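In what follows, a single structure is set out as structure tokens and then discussed.
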Amino acid sequence: MFKRVANTMIGGFSDAVRVDMGDFSTIHISGHVGNDASGKVATKNFAEEVDICFANIASALERSGAGMKDVVRITCYLTDLADYPVYSKARAALFKDNPPASATVQVAGLLANAKIEIDAIAIVKNR
């Protein structure tokens, strides 16, 4: 059984899909960029864009019945690897006690002229 968590800004895909697998559920979070409520990446500050991106992931996780503590894997897409140290510092602060498995790749471009996009996988125990 699975549950889709709607994307409220852009149609055509889910923010998350929760897949029940017996005692546990796996939650697949779609890629998120640092967009605000209007759907635009309004900041020119990369560190702020990273923070907004992680906040958007946290929101999708919360609507799926999970939190950042449940994340076991993230993939980060950067348009410029020179920005990696800023992202890495934010990731380390956020996942200080339980860092997830992680991969980072450079891409030619992202939607909304974003500089970063992150997707995630979380696992939670079912009640």
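The values are calculated or read from the model by the stated rules, or taken from the named source; none is laboratory data. Just so we're clear, the structure is a prediction, and the values are computed from it rather than from any experiment. Heads up, the Cβs are rebuilt from the backbone with ideal geometry, glycines too, and the neighbour counts pull from every protein chain shown. In case anyone asks, the SASA skips ligands and DNA or RNA and just uses the protein heavy atoms, side chains included. Shrake-Rupley method; radii C 1.70, N 1.55, O 1.52, S 1.80 Å.
Taking (1) of a type in the set (Phe, Trp, Tyr); (2) under 24 Å from Lys3 (Cα atoms); (3) touching a strand residue (DSSP E or B) at 6+ places or on another chain (Cβ under 6 Å) in turn, Tyr77 satisfies each apart from (2). Just name the residue that is farthest from Asn45 (Cα to Cα) out of those in segment 60-104 that are loosely packed, with under 15 Cβ neighbours inside 10 Å and polar (S, T, N, Q). Per the stated criteria, the residue is Asn98. Does Leu61 fit the bill of being within 24 Å of Arg127 (Cα to Cα) and modelled with pLDDT of 95 or more? Spelling it out, Leu61 is indeed within 24 Å of Arg127 (Cα to Cα) and modelled with pLDDT of 95 or more. Keeping to segment 76-117, report how many residues are in contact (Cβ under 8 Å) with a residue 40 or more places away in the chain and over 18 Å from Ala55 (Cβ atoms). The total comes to 1.
Restricting to segment 40-59, and then to whatever is open to solvent by 30 Å² or more (accessible area, probe 1.4 Å) and of a type outside the set (A, V, I, L, M, F, W, C), can you tell me which residue is nearest to Ala92 (Cα to Cα)? Across segment 40-59, the extreme among qualifying residues is Asp51. If you go through segment 105-127 and keep only what is over 15 Å from the mean Cα position of the chain (by Cα) and surrounded by fewer than 10 Cβ atoms within 10 Å (Cβ to Cβ), you end up with Ala108, Gly109, Lys125, Arg127.
When restricted to residues that are closer than 11 Å to Val124 by Cβ, touching a Lys or Arg at 6+ places or on another chain (Cβ under 6 Å) and either open to solvent by 90 Å² or more (accessible area, probe 1.4 Å) or at pLDDT below 85 (or both), segment 1-29 contains 1.
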